Amino acid sequence: MSGPPIPPELDPATQRQLAAGLYNQDWDRPAAYEALARALAVAGDRTEAEAWRARAREALTSVAEAEDRELIEGDLATLPLG
């Protein structure tokens, strides 16, 4: 799989899926990061949620289609972070 390295802080199952290429669309990585940010925010871990939100925003720069970017940006805007 091309792209950035797999973050070691991801859970082992997600690491295996990334390594196997199951996330092979350019929007998969930022969408997964947004989901992690949302889960952490709901769990009350604001610091980690903000960190994953930042990773998602950074990963969005590699998404080619504006429609795909806008969808994930919209999800990021609704994160329960205050």
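Using Cα pairs under 8 angstrom and six or more residues apart, how large is the relative contact order of the range 26-77, in percent?
Values: 49 pairs, mean separation 23.2, N = 52.
Normalised by residue count, the contact order of the range 26-77 is 45 percent.
Under 5 Å between amide hydrogens, which residues at least 5 positions from L79 or on another chain qualify, with H placed 1.01 Å from N in the peptide plane?
Distant-sequence amide H within range of L79: zero hits.
What distance in nm separates the two pseudo spin-label positions at I6 and V42, each 7 Å out from Cα along the beta-carbon direction?
2.4
Give the residue list of GluC sites (Glu not before Pro) in the range 50-82 that are DSSP loop and have at most 16 other beta-carbon atoms within 10 angstrom. Before the final figure, lay out the partial values.
Working: sites: E50, E58, E65, E67, E70, E73; in loops: E65.
Those that pass, being in a loop and sparsely packed, are E65.
Only the coordinates and a few stated rules stand behind these numbers; no lab work does. Given the structure is predicted, the values throughout are model-derived calculations rather than measurements. Methodologically, a virtual Cβ is constructed for each residue, glycine included, from the backbone with ideal geometry; neighbour enumeration extends over all protein chains shown.
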